[in-house]
1. Can you confirm whether residue 59 is under 19 Å from residue 14 (Cβ atoms), modelled with pLDDT under 95 and part of a helix (DSSP H, G or I)?
2. Could we say that residue 129 is modelled with pLDDT under 70, closer than 19 Å to residue 33 by Cβ, in contact with a strand residue (DSSP E or B) (Cβ under 7 Å, 6 or more places away or on another chain) and surrounded by 15 or more Cβ atoms within 10 Å (Cβ to Cβ) here?
3. Can you say whether residue 79 is assigned to a helix (DSSP H, G or I), more than 12 Å from the chain's Cα centre (by Cα), at pLDDT 95 or above and under 27 Å from residue 119 (Cα atoms), as far as the supplied structure shows?
4. Select from segment 71-90 the residues that are closer than 23 Å to residue 5 by Cβ, exposed (fewer than 15 other Cβ atoms within 10 Å of the Cβ) and touching a residue at least 24 places away in the same chain (Cβ under 8 Å) and list them in ascending order.
5. Taking segment 1-31 only, how many residues are out of contact with any helix residue (DSSP H, G or I) (no Cβ under 8 Å at 6 or more places or on another chain) and part of a loop (DSSP other than H, G, I, E, B)?
6. Could you tell me which residue of segment 96-118 is modelled with the lowest pLDDT, considering only residues that are touching a helix residue (DSSP H, G or I) at 6+ places or on another chain (Cβ under 8 Å) and either over 15 Å from residue 10 (Cα atoms) or outside any helix (DSSP H, G or I) (or both)?
7. Return only the number of the condition from (1) assigned to a strand (DSSP E or B); (2) surrounded by fewer than 20 Cβ atoms within 10 Å (Cβ to Cβ) that residue 34 does not satisfy.
8. If I filter segment 44-54 for residues that are within 23 Å of residue 122 (Cβ to Cβ), crowded, with 17+ Cβ neighbours inside 10 Å, out of contact with any strand residue (DSSP E or B) (no Cβ under 6 Å at 6 or more places or on another chain) and modelled with pLDDT of 90 or more, do I get at least one hit?
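The values are calculated or read from the model by the stated rules, or taken from the named source; none is laboratory data. Bear in mind the structure is a predicted one, so any value in this text is a computation, not a measurement. Here the Cβ positions follow ideal geometry from the backbone for every residue, glycine too, while neighbour counts run over all protein chains shown.
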């Protein structure tokens with residue numbers, strides 16, 4: 001068994017990016033944080049200097065008819081930068097068409113107060129967690 005390493009997931013947004021991470025056994029996905037997208041690269045560089053990450057999963061936002069959404073071109077530019085900065089970390093994409101809706105629904109289901117529901121950052125973090133759970137489920 002090779003060294004314990006986490007899988008990290010990003011719900012990339014133009015303003016903010018939600019981040020989730022697995023435990024070292026890669027069994028459980030949990031929300032880590034939400035960062036300003038402008039700070040994302042430095043956040044990841046810093047995080048990866050402290051934690052072993054073997055894979056970064058990035059949500060792929062598609063519209064209903066399967067064409068890429070406008071944020072996708074920004075994601076692609078970001079992934080080029082990421083590869084330059086962290087070339088040793090592979091990136092995997094996963095369709096996240098419904099994750100934000102699911103994230104919002106799971107907030108509603110847990111009957112969070114309205115204030116929390118308005119906290120978009122938390123929604124991004126939950127979306128990233130759902131992306132990661134989907135990834136783990138489809139690769140287990």
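1. Spelling it out, it is not the case that residue 59 is under 19 Å from residue 14 (Cβ atoms), modelled with pLDDT under 95 and part of a helix (DSSP H, G or I).
2. Here the answer is no, as residue 129 does not meet what is asked.
3. Criteria met by residue 79.
4. 81, 85, 90
5. Within segment 1-31, the first condition is being out of contact with any helix residue (DSSP H, G or I) (no Cβ under 8 Å at 6 or more places or on another chain), and the residues that meet it are 1-6, 23-25, 28.
Restricting the remaining residues to those that are part of a loop (DSSP other than H, G, I, E, B) gives 1-5, 23-25, 28.
Total satisfying the criteria: 9.
6. 117
7. Among (1) assigned to a strand (DSSP E or B); (2) surrounded by fewer than 20 Cβ atoms within 10 Å (Cβ to Cβ), the lone unmet condition for residue 34 is (2).
8. Yes, segment 44-54 contains at least one residue that is within 23 Å of residue 122 (Cβ to Cβ), crowded, with 17+ Cβ neighbours inside 10 Å, out of contact with any strand residue (DSSP E or B) (no Cβ under 6 Å at 6 or more places or on another chain) and modelled with pLDDT of 90 or more.
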